Amino acid sequence: MSNPWFRMYSEVLNDPKVQKLPAELFKIWVNTLCLACNGNGTLPNLEDVSFALRLPFHETKSAFHELEKAGLLVTDGETFHVRNWDKRQYKSDVSTDRVKKFRKRIRNVSETPSEQIQNRTDTDKKEKLKKRKVQHGYSDQFETFWKLYPPNTASKTETWKSYQRAQTEGAEHEKIIHGVGEYLRWLDGGSATAAQATTWLNQKRWEVDYAKAPKIHVGGFRKPEPVAPPKRKNALIGTPEAEAEYAV
């Protein structure tokens with residue numbers, strides 16, 4: 001396979017075989033290296049070389065013999081070859097694989113710095129959101145409590161914190177659920193207004209003996225007993241009932 005370029009080593013500057021060449025012959029040698037790229041170091045016949053170098057045939061033949069004497073070309077009797085071509089222009093020097101690897105790296109790092117920063121920012125946001133979900137991820141036991149407890153105005157997040165605090169302090173889930181059931185029955189099946197779930201948990205009301213507890217209303221106020229309206233004494237003056245009531 002032909003190669004569109006070849007490697008020229010800097011040591012040529014100090015190579016006596018090259019530096020002692022006459023200027024015209026040096027030019028022919030460099031052009032010959034260009035021709036050798038098409039044959040991996042092997043040159044075409046002298047007629048084709050003469051045409052490519054734009055030189056008369058006899059000048060080309062003479063120049064090649066001089067380059068052979070200088071040790072820069074070798075011949076097998078019919079065909080000329082550049083000496084040590086395979087050693088100097090080894091196959092791994094072909095750029096195809098290197099170009100492929102380079103382009104692959106470019107594709108992997110094709111984003112601009114601003115895009116990379118934005119992607120990192122998006123990733124950080126996703127990680128924070130993920131951590132937040134884990135932090136606020138409600139347990140199955142809490143979900144049972146939340147569904148069982150009467151409707152109230154406490155937020156689920158704050159109730160979850162109170163529930164976690166209760167368990168941290170040693171409260172058992174079964175006792176809390178049992179307490180909620182007793183509390184519901186104490187509320188006459190839910191007809192009265194329930195305390196906020198956070199208040200109920202923070203005050204450890206699952207420990208209350210609701211069978212002995214007095215009826216209370218919102219958040220701990222005693223449920224008022226029905227009271228008869230006061231009698232209007234002035235309205236009764238002069239009547240038999242008033243006389244009977246105020247008789248001494």
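The values are calculated or read from the model by the stated rules, or taken from the named source; none is laboratory data. Quantities reported herein were computed from a predicted structural model and do not represent experimental measurements. Cβ placement follows ideal geometry from the backbone for every residue including glycine, while neighbour counts extend to all protein chains displayed.
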Of the residues in segment 192-206, those that are outside any helix (DSSP H, G or I) and among the hydroxyl-bearing types (S, T, Y) come to T193
Taking segment 9-22 and keeping residues out of contact with any Phe, Trp or Tyr (no Cβ under 8 Å at 6 or more places or on another chain) and surrounded by 10 or more Cβ atoms within 10 Å (Cβ to Cβ) leaves V12, D15, K17, Q19, K20, P22
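Out of segment 71-91, which residues are in a helix (DSSP H, G or I) and buried (at least 16 other Cβ atoms within 10 Å of the Cβ)? I'd like the intermediate steps shown before the answer.
Here is the first cut: in segment 71-91, the ones in a helix (DSSP H, G or I) are 85-88, 91.
The one that is in a helix (DSSP H, G or I) and buried (at least 16 other Cβ atoms within 10 Å of the Cβ): W85.
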Within segment 139-156, residues being surrounded by 12 or more Cβ atoms within 10 Å (Cβ to Cβ) and out of contact with any Ser or Thr (no Cβ under 9 Å at 6 or more places or on another chain) number 6
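With L35, L25, L43 as the choices, which residue is touching a Ser or Thr at 6+ places or on another chain (Cβ under 8 Å) and surrounded by 11 or more Cβ atoms within 10 Å (Cβ to Cβ)? Don't jump to the end; show me each part of the working.
Working: L35 fails: touching a Ser or Thr at 6+ places or on another chain (Cβ under 8 Å); L25 fails: touching a Ser or Thr at 6+ places or on another chain (Cβ under 8 Å).
None of the other options fit; the residue is L43.
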Matching residues in segment 47-89 (touching a Gly at 6+ places or on another chain (Cβ under 9 Å) and aliphatic (A, V, I, L, M)) number 1
Selection from segment 32-70 of residues within 23 Å of N3 (Cβ to Cβ) and outside any helix (DSSP H, G or I) yields N40, G41, T42, L43, P44, N45, R54
Going by the conditions given, is F57 of a type in the set (F, W, Y), in contact with a helix residue (DSSP H, G or I) (Cβ under 6 Å, 6 or more places away or on another chain) and either free of Cβ contacts under 8 Å to residues at least 40 places away in the same chain or loosely packed, with under 15 Cβ neighbours inside 10 Å (or both)? yes
Expected single match for on the phi > 0 side of the Ramachandran plot and modelled with pLDDT under 95 among G219, G179 is G219
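For F51, state whether it is over 22 Å from K17 (Cβ atoms) and either assigned by TED's automatic domain parsing to the domain that holds V18 or touching a residue at least 40 places away in the same chain (Cβ under 8 Å) (or both). Lay out the reasoning, then the answer.
Details: over 22 Å from K17 (Cβ atoms): yes; either assigned by TED's automatic domain parsing to the domain that holds V18 or touching a residue at least 40 places away in the same chain (Cβ under 8 Å) (or both): yes.
So F51 passes the test.
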